1. Give me the pairs, please: first residue somewhere in the range 17-32 and in contact (Cβ under 8 Å) with a residue 60 or more places away in the chain, second residue anywhere and assigned to a helix (DSSP H, G or I), beta-carbon distance under 6 Å, and either six or more positions apart or on two chains.
2. Can you pull out the residues in the range 124-139 that are modelled with pLDDT of 70 or more and either in a helix (DSSP H, G or I) or closer than 21 Å to Ala78 by Cβ (or both)?
3. Under 6 Å between Cβ atoms, at least 6 apart or on separate chains: pull out the pairs that start in the range 83-108 with a residue that is among the hydroxyl-bearing types (Ser, Thr, Tyr) and surrounded by 10 or more Cβ atoms within 10 Å (Cβ to Cβ) and end on any residue that is part of a helix (DSSP H, G or I) and modelled with pLDDT of 85 or more.
Amino acid sequence: MSEDRRTILNMLSEGKITPEEAERLLAAVEAGPAAAGPAPTADAPKPKPKYLRVAVDTEKHGEPTRVNVRVPMQLLRAGVRLSSIIPPEARERVNEAMRRKGHMSFDLNSLKPENLEELVEQLNDLTVDVDQDHTKVRIYCE
């Protein structure tokens, strides 16, 4: 049995995912990476992003430093699903801490898998560039 299959079945047995989600994940694992198709045309929809990339280039004391983080979108999806198992008391404590830090518009209770799919869909067009003296930060989807 593959490691991916074992992980999915463990998540199902622990109640972290539903049987339907496990079925979709197993089907995706069995399908493997999709074969390269024809080159996209201007009319074709953009493919869904698979990664959120954060790249930071900076220079300190004449020494260049490069940080390159590539986060799989599936990890974001899994994190949102796992947030549903956080006890309500802990959610309220997190929300209160975020309010104290000035993040008034965020509520952990509103984080739902269906909301994430809409966000992921919009991330397809995300690109953030920050240029500052000796530092460049890029956040984008690929």
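The values are calculated or read from the model by the stated rules, or taken from the named source; none is laboratory data. Because the structure is a prediction, the values reported are computed rather than measured. Note: ideal-geometry Cβ built from the backbone for every residue, glycine included; neighbour counts use all protein chains shown.
1. Here the result reads Ile17/Met11, each pair linking the range 17-32 to a residue that is assigned to a helix (DSSP H, G or I).
2. We begin by selecting, within the range 124-139, every residue modelled with pLDDT of 70 or more; these are 127-139.
Of everything in the range 124-139, just one residue is modelled with pLDDT of 70 or more and either in a helix (DSSP H, G or I) or closer than 21 Å to Ala78 by Cβ (or both), namely Ile139.
3. Cβ pairs passing all conditions: none.
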